[in-house]
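Participant: My structure is below; once you've seen it, I'll send some questions.
The values are calculated or read from the model by the stated rules, or taken from the named source; none is laboratory data. Source: prediction; values computed, not measured. Here Cβ is always computed from backbone atoms with ideal geometry, including for glycine, and neighbour counts include all displayed protein chains.
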Number of protein chains: 4
Amino acid sequence: MKLLSQKIKDMAIRVLVTGGTFDKEYDEINGRLFFKDTHLNELFKLGRANLEINVSTLMMIDSLEMTEAHRDLILMNCKEAKEERIIITHGTDTMEITARTLGEANLQKTIVLTGAMIPYKFGSSDGLFNLGSAVAFVQSLSHGVYIAMNGKCFDWGNVKKNKQTGYFEVI
Amino acid sequence: MKLLSQKIKDMAIRVLVTGGTFDKEYDEINGRLFFKDTHLNELFKLGRANLEINVSTLMMIDSLEMTEAHRDLILMNCKEAKEERIIITHGTDTMEITARTLGEANLQKTIVLTGAMIPYKFGSSDGLFNLGSAVAFVQSLSHGVYIAMNGKCFDWGNVKKNKQTGYFEVI
Amino acid sequence: MKLLSQKIKDMAIRVLVTGGTFDKEYDEINGRLFFKDTHLNELFKLGRANLEINVSTLMMIDSLEMTEAHRDLILMNCKEAKEERIIITHGTDTMEITARTLGEANLQKTIVLTGAMIPYKFGSSDGLFNLGSAVAFVQSLSHGVYIAMNGKCFDWGNVKKNKQTGYFEVI
Amino acid sequence: MKLLSQKIKDMAIRVLVTGGTFDKEYDEINGRLFFKDTHLNELFKLGRANLEINVSTLMMIDSLEMTEAHRDLILMNCKEAKEERIIITHGTDTMEITARTLGEANLQKTIVLTGAMIPYKFGSSDGLFNLGSAVAFVQSLSHGVYIAMNGKCFDWGNVKKNKQTGYFEVI
């Protein structure tokens with residue numbers, strides 16, 4: 001098993017930020033949720049992550065507003081990333097659609113999409129837990145496109161969000 | 001890749017709690033840290049984990065107090081667990097020793113030890129992040145004994161804690 | 001000064017809950033803020049308050065939805081409360097209007113309205129700080145109706161919320 | 001009552017920091033509590049306090065280590081402060097002794113000592129609540145020396161900490 005820790009020791013991870021509940025904040029003046037900067041670097045620090053992680057913010061939007069143009073931009077960034085391991089933070093409502101776009105491109109990379117149901121800034125976020133599992137799956141899984149939510153990992157072609165429970169499920 | 005989500009969909013995980021910083025609390029009367037009950041179920045709820053997880057508390061101790069008898073008890077529980085996937089929460093100071101005890105037993109199971117440097121109850125815990133990665137590694141790695149800390153996964157025979165930085169490293 | 005601690009030792013406080021940002025929660029399924037139960041008792045426990053406090057929930061609404069009927073209900077409860085000291089948790093948007101309704105009734109009681117700009121459940125709430133000051137003002141001020149926000153105390157007839165800054169100010 | 005809001009509008013408050021549980025942090029490397037910088041300004045920001053507050057750090061120590069020399073320094077700073085309203089953050093174990101030292105000096109100022117049983121950094125602190133009440137008591141009480149804990153206010157000559165419960169009580 002030396003190979004495993006060897007692999008993990010050397011592996012750089014690219015994180016592509018697209019927004020989503022993950023990064024939403026509360027505007028105390030108007031009582032609405034909004035986006036400012038990403039909290040990803042803060043989350044990795046909080047988790048005491050000791051990996052080579054490169055975070056790029058592509059957009060800061062609710063995934064319900066995500067268009068084909070946005071998805072093309074994400075795909076392009078996955079292609080051009082020098083890293084073989086990529087995590088994408090993404091709103092949960094259309095995560096499966098973006099996963100499909102990336103999956104059909106059939107890149108020779110391991111790409112894991114993850115997100116949160118509760119904003120990190122609200123204290124009780126599932127985001128830190130999901131990020132921990134995304135970091136692990138992206139290091140241990142073979143090439144492919146996956147969704148990491150609720151402690152599980154799903155193949156891009158085989159997953160949907162259950163709108164009632166908020167859990168991701170195999171189709 | 002159907003197999004992957006298949007595997008993950010069906011997999012039950014046993015969590016063996018031994019204590020460690022993970023579960024330490026602050027006694028406001030005497031200003032000392034102490035153990036009460038485990039917070040593991042609370043953490044899985046917080047992370048919105050949607051897995052079949054069975055938590056057993058074996059002991060609630062600081063890993064500096066862990067004796068061979070304690071480690072034998074942990075090993076015995078790993079052997080007897082009906083689950084093939086096991087997570088052990090453990091203090092970080094002697095985690096590598098327990099990992100070695102379990103690794104040398106060479107069980108046909110995937111066992112992941114994890115812990116925290118900051119108590120979960122102190123709000124800014126690395127525990128939730130580590131637990132997320134432990135859950136992912138235990139589902140995706142082949143049989144063996146591993147330590148999941150700082151977003152990384154280490155083979156039992158090839159890891160030590162750096163006492164200065166608090167990070168786990170390959171020997 | 002014996003009298004002071006004497007007064008404070010014997011004083012029961014009635015807390016009338018009306019909702020407001022104070023008690024708003026985040027619905028992770030639809031991403032909206034909503035009301036469930038009040039967190040007031042939890043807040044007093046968190047603050048290790050050691051007072052005779054009686055909490056009654058009158059309504060759980062956003063103060064923008066507050067009608068004259070709601071304010072009459074609050075006034076009636078202030079009149080009928082056996083306690084001479086009353087704290088009212090209230091949304092900030094129309095807090096000054098309710099304060100005026102109560103002030104004009106000229107009751108022989110000390111009534112302090114308070115609230116929060118950030119929901120308590122979002123972790124970084126100003127509510128706990130405001131509640132601490134409300135508890136102190138209600139014990140130390142003579143009969144009258146006051147608004148306790150931002151560490152300050154305002155007379156009911158002399159205060160407005162600055163919609164730009166979210167701070168309460170003397171007119 | 002115009003006078004009240006008038007008074008409060010113009011009132012500057014001096015905060016003298018001496019340490020105590022209030023400001024303790026957790027050293028994740030050695031698992032011990034220690035002092036770094038004060039969190040008082042952060043707490044006032046969190047509470048959205050909108051007052052003229054001047055914070056000075058006199059010392060950062062556990063109140064069990066407080067000597068007569070430390071108390072003389074605190075007294076000197078109370079005397080020399082240009083502000084008439086002073087809050088002192090202090091460890092709870094010897095708070096009543098420092099209060100006595102200040103009370104016997106019989107200054108023509110309103111001085112409120114407060115503290116916390118749980119470090120602010122541990123997320124569930126009573127400090128923010130106590131600070132809110134201290135800010136209110138210091139503005140509304142006449143000249144004298146007081147301890148503000150557990151939502152109550154005590155005269156310096158008439159209070160002790162109950163070591164069993166951690167609550168402050170009238171003697």
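Participant: If you go through the range A:55-101 one residue at a time, how many are within 30 Å of B:Phe154 (Cβ to Cβ) and either of a type in the set (A, V, I, L, M, F, W, C) or under 13 Å from the mean Cα position of the chain (by Cα) (or both)?
Facilitator: 11
Participant: Tell me yes or no: at least one residue of the range C:111-119 is hydroxyl-bearing (Ser, Thr, Tyr) and assigned to a helix (DSSP H, G or I).
Facilitator: Checked against the condition, which is being hydroxyl-bearing (Ser, Thr, Tyr) and assigned to a helix (DSSP H, G or I), the range C:111-119 yields no hits at all.
Participant: What are the residue pairs meeting all of these: first residue in the range B:37-48, first residue surrounded by 14 or more Cβ atoms within 10 Å (Cβ to Cβ), second residue among the small types (Gly, Ala, Ser), Cβ atoms under 7 Å, and 6 or more apart or on different chains?
Facilitator: Qualifying pairs under 7 Å: B:Leu43/B:Gly127; B:Leu46/A:Ser124; B:Gly47/A:Gly151; B:Gly47/B:Gly132.
Participant: Any residue at all in the range D:64-83 that's in contact with a Leu (Cβ under 8 Å, 6 or more places away or on another chain) and within 12 Å of chain C (Cβ to nearest Cβ)?
Facilitator: No: zero hits.
Participant: Still on this model: Here is a list of conditions, (1) within 11 Å of chain A (Cβ to nearest Cβ); (2) at pLDDT 95 or above, and B:Met95 meets all of them except one; can you say which number that is?
Facilitator: The number of the failed condition is (1).
Participant: Moving to a separate point now. Considering each of A:Arg71, A:Arg48 in turn, give the residue that is assigned to a helix (DSSP H, G or I) and at pLDDT 95 or above.
Facilitator: The conditions single out A:Arg71.
Participant: Of the residues that make up the range C:151-161, is at least one surrounded by 24 or more Cβ atoms within 10 Å (Cβ to Cβ) and on the phi > 0 side of the Ramachandran plot?
Facilitator: Yes, the range C:151-161 contains at least one residue that is surrounded by 24 or more Cβ atoms within 10 Å (Cβ to Cβ) and on the phi > 0 side of the Ramachandran plot.
Participant: Condition check: at pLDDT below 95 and either among the basic types (Lys, Arg) or in contact with a helix residue (DSSP H, G or I) (Cβ under 9 Å, 6 or more places away or on another chain) (or both). Does B:Tyr120 satisfy that?
Facilitator: Answer is yes for this residue.
Participant: Can you name the residue in the range A:120-135 that is part of a helix (DSSP H, G or I) and surrounded by fewer than 24 Cβ atoms within 10 Å (Cβ to Cβ) and is also farthest from the other protein chains (Cβ to nearest Cβ) among such residues?
Facilitator: Checked the range A:120-135; the qualifying residue farthest from the other protein chains (Cβ to nearest Cβ) is A:Lys121.
Participant: Right, something else. Is there any pair linking a residue in the range D:151-164 that is more than 10 Å from chain C (Cβ to nearest Cβ) to one that is surrounded by 13 or more Cβ atoms within 10 Å (Cβ to Cβ) and part of a strand (DSSP E or B), with Cβ under 6 Å and at least six apart or on different chains, and which?
Facilitator: What qualifies is D:Lys161/D:Phe168.
Participant: Of the residues in the range C:136-171, how many are in contact with a helix residue (DSSP H, G or I) (Cβ under 6 Å, 6 or more places away or on another chain), among the hydrophobic types (A, V, I, L, M, F, W, C) and in a helix (DSSP H, G or I)?
Facilitator: Of the residues in the range C:136-171, 3 are in contact with a helix residue (DSSP H, G or I) (Cβ under 6 Å, 6 or more places away or on another chain), among the hydrophobic types (A, V, I, L, M, F, W, C) and in a helix (DSSP H, G or I).
Participant: Can you tell me which residue among C:Leu58, C:Leu102 is surrounded by 20 or more Cβ atoms within 10 Å (Cβ to Cβ) and more than 10 Å from every other protein chain (Cβ to nearest Cβ)?
Facilitator: None of the others qualify; the one that does is C:Leu102.
Participant: Looking at (1) free of Cβ contacts under 8 Å to residues at least 40 places away in the same chain; (2) assigned to a helix (DSSP H, G or I), which is the one condition that is false for D:Ala99?
Facilitator: Condition not satisfied by D:Ala99: (1).
Participant: Looking at the structure I just gave you, is A:Glu96 of a type outside the set (A, V, I, L, M, F, W, C), crowded, with 20+ Cβ neighbours inside 10 Å and over 21 Å from A:Asp37 (Cβ atoms)?
Facilitator: yes
Participant: Anything in the range D:14-30 that is modelled with pLDDT of 90 or more and under 12 Å from the mean Cα position of the chain (by Cα)? List them, or say none.
Facilitator: Residues satisfying the conditions are D:Arg14, D:Val15, D:Leu16, D:Val17, D:Thr18, D:Gly19, D:Gly20, D:Thr21, D:Asp23.
Participant: Moving on. Which residues, counting only those in the range B:8-31, are part of a strand (DSSP E or B) and at the interface with another protein chain (Cβ under 9 Å from one of its Cβ atoms)?
Facilitator: Within the range B:8-31, B:Ile13, B:Lys24, B:Tyr26 meet the criteria.
Participant: So, in the range B:37-51, of the ones that are aliphatic (A, V, I, L, M) and out of contact with any strand residue (DSSP E or B) (no Cβ under 9 Å at 6 or more places or on another chain), which residue ends up nearest to the other protein chains (Cβ to nearest Cβ)?
Facilitator: The extreme case among them is B:Leu46.
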